[in-house]
Amino acid sequence: MTPRQREEAERLANHLMDLHEDLLFIHWHNLVHNSNQLNHLIRYAMIGMMVMMIALLALVATFTARMDHITRYMVTMAEDMQSMRVDFSDVTQNMHALSDSVQQMDGFIAPMPAIYGSVDAMGEHMATMRGNLVKVSETMDRIQHRMHTMGQHLMEMDRKLIDLSGAVGSIGRDVDILSRPMSILPNN
C-alpha cells in the first residue's frame, strides 16, 4: 500500500468514524426527545385520571349523602305506618265494643215489663258507646295526623330526589368539562 493510499484509507476511516459518531448523536437525541414526549404524555394521563377520580369521589359522596336523607325519611314513614297499624287495631277493638253494646241494648229492649231497668242499663251502655265513639274519633284524628305527616315526608323526599338529580347532572357536566383536555391526547 502506497502512502497516498494509506492516507486516503485513514481519511476515509476518519470520515466513517465521524459519520458513526453523528449517527449515534442523532440516535441519542431522538431517544431523549421521545422519552421526554412519553414522560409528558404519562404526566397528562395521570393528571386526567386524578381529575376523573376526584369527580367520581364527589359523585359518590353526593349520592351517599342524599341516600342518607332518603333513608331517614323512609324509617320515619315506616314508624308512622306501624303507629297507624296500632291505631287501626284500636279502631277495630272499639268497633267490636260498640257492636257488643248495640247487641246488649237489643237484649235490654226485648223485655218490655222490665223497661225501667232496661232504660238505666241503656243509659250506661249509651255512655259506654259515647266513650267508644270519642275513642274512635281520637283514633281517627291520630290517623289523619299521621297521614298528613306522611304526606309531608313524601314531599320532602321528592324534593331531595329532585336535588339529587340536579347534583348528579351538574357533576356529569363537570366531568364532561374536566375530561375535555383528555381529547387532545392520542388514542393509541
Inset, instruction - Name the single residue, out of those in the stretch 115-168 being β-branched (Val, Ile, Thr) and either crowded, with 16+ Cβ neighbours inside 10 Å or at pLDDT 85 or above (or both), that is nearest to the chain's Cα centre (by Cα). - result: Ile162
Legend entry - Odd one out for Ile42, checked against (1) at pLDDT below 85; (2) β-branched (Val, Ile, Thr); (3) over 18 Å from the mean Cα position of the chain (by Cα): (1)
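Looking at the stretch 1-25 only, could you name the residues that are of a type in the set (A, V, I, L, M) and open to solvent by 90 Å² or more (accessible area, probe 1.4 Å)?
Met1, Leu12, Leu16, Met17, Leu23, Leu24, listed by residue number.
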Inset, instruction - Mind listing just one residue for me: the one in the stretch 81-109 that is among the β-branched types (Val, Ile, Thr) and within 20 Å of Gly123 (Cβ to Cβ) and, of those, modelled with the highest pLDDT? - result: Val102
Legend entry - First in the stretch 83-108 and part of a helix (DSSP H, G or I), second anywhere and at pLDDT below 80, Cβ under 7 Å, 6 or more apart: Met105/Met122; Phe108/Ser118; Phe108/Ala121; Phe108/Met122
Inset, instruction - Six or more apart or on different chains, Cβ under 8 Å: which pairs go from a residue in the stretch 137-166 that's within 11 Å of Tyr73 (Cα to Cα) to one that's of a type in the set (Lys, Arg) and in a helix (DSSP H, G or I)? Could you list them? - result: Lys160/Arg66
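Let's see how each residue does on (1) touching a Gly at 6+ places or on another chain (Cβ under 6 Å); (2) surrounded by 11 or more Cβ atoms within 10 Å (Cβ to Cβ); (3) within 30 Å of Gln144 (Cβ to Cβ):
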| site | (1), (2), (3) |
| --- | --- |
| His27 | no, no, no |
| Arg85 | no, no, yes |
| Ser89 | no, yes, yes |
| Asp106 | no, no, no |
Inset, instruction - Output the residue which, of all residues in the stretch 68-82 that are open to solvent by less than 80 Å² (accessible area, probe 1.4 Å) and free of Cβ contacts under 8 Å to residues at least 12 places away in the same chain, is nearest to Ser137 (Cα to Cα). - result: Ala78
Inset, instruction - Just need a number here: residues in the stretch 28-80 that are of a type in the set (Gly, Ala, Ser) and closer than 30 Å to Glu156 by Cβ. - result: 5
Inset, instruction - May I ask you to verify whether Met52 is within 36 Å of the chain's Cα centre (by Cα), in contact (Cβ under 8 Å) with a residue 40 or more places away in the chain and in a helix (DSSP H, G or I)? - result: yes
Inset, instruction - Pull up the stretch 39-55, narrow it to residues that are hydrophobic (A, V, I, L, M, F, W, C) and open to solvent by 100 Å² or more (accessible area, probe 1.4 Å), then point me to the one that is farthest from Ala167 (Cα to Cα). - result: Met46
Legend entry - Criterion: out of contact with any helix residue (DSSP H, G or I) (no Cβ under 6 Å at 6 or more places or on another chain) and closer than 30 Å to Asp174 by Cβ - qualifying residue of Leu16, Leu41: Leu41
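The values are calculated or read from the model by the stated rules, or taken from the named source; none is laboratory data. Note that this is a predicted model, so its numbers are computed, not measured. Virtual Cβ from ideal backbone geometry, glycine too; neighbours counted across all protein chains shown. Ligands, DNA and RNA are excluded from the accessible area calculation, which covers all protein heavy atoms including side chains. Shrake-Rupley method; radii C 1.70, N 1.55, O 1.52, S 1.80 Å.
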